[in-house]
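K.L.:
Take a look at this one; I'll ask things after.
The values are calculated or read from the model by the stated rules, or taken from the named source; none is laboratory data. Fair warning: this is a prediction, and the values are worked out from it, not measured in the lab. Just the protein is used for accessible areas: all its heavy atoms, side chains included, with ligands, DNA and RNA removed. Shrake-Rupley method; radii C 1.70, N 1.55, O 1.52, S 1.80 Å.
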Amino acid sequence: MQLKSWLKANNIKQRDFAVLIGATDSQISRICCGQMVGSPKIIHLISKATNGQVSACDIHAGYIEARKPTWARRANPATPIENRPEGNLPSPEILELAQALARVLA
């Protein structure tokens, strides 16, 4: 679980959590936003304070996710036409136009 989600679920403010574990407000804010990972000591304190619900892996995953370009963070990436469910196929006119374009470009 991400630290930001854990804090929200437990109704704890970032500032209060920072005081609880002996970190700065800035450190906790930056970890929640994925701007930094934090020192091993801070990561250990976060894991301990959350009873293991926020692990080092969760913190690192949040950092990696924040580094991805916006297009790569989309929840539902574009699906090729061949793999779409039947109800979501483009109209026959669009398919015909795409096939004609493919023949011209080939």
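K.L.:
Would you check the accessible area of Leu20, probe 1.4 Å, heavy atoms only, in square angstrom rounded to 10?
P.N.:
Approximately 120 Å² for this residue.
K.L.:
OK, next. Can you tell me the length gained on complete extension of the stretch Lys68 to Ala98, counting 0.36 nm per residue apart and subtracting the Cα distance?
P.N.:
Numbers: separation 30, 0.36 × 30 = 10.80 nm, distance 3.09 nm.
Value of the extension gain: 7.7 nm.
K.L.:
I would also like to ask the following. Just from the alpha-carbon atoms, what are the Rg and Dmax of the range 1-47 in angstroms?
P.N.:
In Å, with Rg to one decimal and Dmax whole: 9.5, 25.
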